[in-house]
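The values are calculated or read from the model by the stated rules, or taken from the named source; none is laboratory data. Everything numeric here is computed off the predicted structure, so don't read it as measured data. Heads up, the Cβs are rebuilt from the backbone with ideal geometry, glycines too, and the neighbour counts pull from every protein chain shown.
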Amino acid sequence: MSSPANAAPAPLPARGDCAAGRFCLFDGANGSGLFYSATDGCRFLNIGLEGAGDRADSAYNRTSHPVDIADWTGSAWEHLATVHPGQTPNPDGNSDKADAIHSICRGADRGAAPGAPAPRP
């Protein structure tokens with residue numbers, strides 16, 4: 001019989017698959033089954049067009065900006081959630097709906113990334 005002191009360490013959580021500076025989406029709850037990863041970049045990415053839509057069950061934001069997750073309803077984009085840096089949410093009632101991610105840059109860093117959207121008035 002082994003004692004707790006000799007027990008093997010617990011495996012690292014799957015969210016460890018999400019590298020620093022990236023926003024990651026997972027097929028399973030609590031960061032299991034990494035299927036999409038994007039770098040920080042102050043842009044809108046239509047992941048549905050890349051074949052990665054309607055799959056996300058959890059996310060991990062390791063970027064320096066908030067990231068919005070949106071669903072394409074067939075006629076308009078619907079906001080599902082905002083994931084702030086360091087957050088690891090499981091979408092409540094929004095599983096398998098994400099079709100786009102939008103890294104939100106404001107203020108001085110707005111011009112830092114090529115292709116950043118124009119400031120809102």
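Taking the criterion of being polar (S, T, N, Q) and closer than 11 Å to Asp54 by Cα, the residues of region 74-100 that qualify are Asn94, Ser95.
Scanning region 73-87 for residues that are surrounded by 18 or more Cβ atoms within 10 Å (Cβ to Cβ) and touching a Lys or Arg at 6+ places or on another chain (Cβ under 9 Å) gives a single hit, Leu80. Of the strands (runs of 3 or more DSSP E) lying entirely inside region 29-81, the ones with 2 or more residues being more than 10 Å from the chain's Cα centre (by Cα) are found at 34-39, 67-72.
Asn90 meets each of the listed conditions (1) at negative phi; (2) buried (at least 17 other Cβ atoms within 10 Å of the Cβ) apart from (2).
Assessment of region 103-116 against the conditions (surrounded by fewer than 18 Cβ atoms within 10 Å (Cβ to Cβ), assigned to a loop (DSSP other than H, G, I, E, B), at pLDDT below 95 and in contact with a strand residue (DSSP E or B) (Cβ under 7 Å, 6 or more places away or on another chain)) yields at least one matching residue. Listed by first and then second residue, the pairs linking a residue in region 71-87 that is free of Cβ contacts under 8 Å to residues at least 12 places away in the same chain to a residue that is small (Gly, Ala, Ser), with Cβ atoms under 6 Å apart and 6 or more places separating them unless they lie on different chains, are His79/Ala70. Every listed requirement among (1) touching a residue at least 12 places away in the same chain (Cβ under 8 Å); (2) on the phi < 0 side of the Ramachandran plot; (3) not hydroxyl-bearing (Ser, Thr, Tyr) is met by Leu49 save one, (1). The single condition among (1) touching a helix residue (DSSP H, G or I) at 6+ places or on another chain (Cβ under 8 Å); (2) assigned to a loop (DSSP other than H, G, I, E, B) that Pro85 does not meet is (1).
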